[in-house]
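Asks: Before I ask anything, here is the structure I am working with.
The values are calculated or read from the model by the stated rules, or taken from the named source; none is laboratory data. None of these values were measured; they are calculated from a predicted model. Methodologically, a virtual Cβ is constructed for each residue, glycine included, from the backbone with ideal geometry; neighbour enumeration extends over all protein chains shown.
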Amino acid sequence: MYEGAVQDLIDELGRLPGVGPKSAQRIAFHLLAADTSDVRRLADALTEVKARVQFCETCGNVAESATCRICADPRRSPATICVVEEAKDVVAVERTREYRGKYHVLGGAINPIENVGPDDLRMSQLMTRLADGVVEEIIIATDPNVEGEATATYLSRLLAPMGLRVTRLASGLPVGGDLEYADEVTLGRAFEGRRLVGG
């Protein structure tokens, strides 16, 4: 335990996701040793992001105005919506340069242990977006873990009566991975998602 401001800083840093007590302490002492101008830039960036960034009214992605750049882009197809858990997942999909539709960010995944149910996510906003009949396909791109699977199952059941094409991102073995290190679920998914090769 340190005194006053140092301990307060360590405590606040420790509240960040993925930052444990040791990392919080390391970051705090790095900030103490850093130039005042570097720390000021960090503080300014934090203040600026809280002041300027909001969530897109349409899809829930991060934006600096009421609508994010993807929703505002007329070249993006309105017939397909890729449903993701978090805004960071939008960036991951965009890096592939394979997808040209729109997105819907749920704001998390169903997790009964953390008391997160469907009503805590942006499910109703998704249903509102589907009301006009423009959307033809929903791509469910939730994480391939227990919470992501529960969310995908719930969504697919919710969307089934609407007559939409509902797909799920394929999952399985990573490129460069070894079979011997794959867990049973991943290997099982790879078998389910196998495709025809050759002609």
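Asks: Can you tell me which residue within region 40-67, out of those that are under 26 Å from residue 81 (Cβ atoms) and hydrophobic (A, V, I, L, M, F, W, C), is surrounded by the most Cβ atoms within 10 Å (Cβ to Cβ)?
Replies: 59
Asks: Also, quick follow-up: Which residue, of 39, 83, is assigned by TED's automatic domain parsing to the domain that holds residue 97 and either outside any strand (DSSP E or B) or in contact (Cβ under 8 Å) with a residue 40 or more places away in the chain (or both)?
Replies: Unique residue meeting the criteria: 83.
Asks: Oh, and also: Right, residue 127: exposed (fewer than 14 other Cβ atoms within 10 Å of the Cβ), of a type outside the set (Val, Ile, Thr) and in contact with a helix residue (DSSP H, G or I) (Cβ under 9 Å, 6 or more places away or on another chain) or not?
Replies: So residue 127 passes the test.
Asks: Please state which of the following conditions residue 78 fails to meet, knowing it meets all the rest: (1) assigned to a loop (DSSP other than H, G, I, E, B); (2) surrounded by 11 or more Cβ atoms within 10 Å (Cβ to Cβ).
Replies: Condition (1) is where residue 78 drops out.
Asks: For region 107-148, give me each residue that is of a type in the set (A, V, I, L, M), closer than 24 Å to residue 189 by Cα and either touching a residue at least 12 places away in the same chain (Cβ under 8 Å) or in a strand (DSSP E or B) (or both).
Replies: 109, 110, 138, 139, 140, 141
Asks: Which one of 94, 57, 114, 98 is within 27 Å of residue 154 (Cα to Cα), out of contact with any Lys or Arg (no Cβ under 9 Å at 6 or more places or on another chain) and outside the structural domain of residue 152 (by TED's automatic domain parsing)?
Replies: When all the criteria are applied, what remains is 57.
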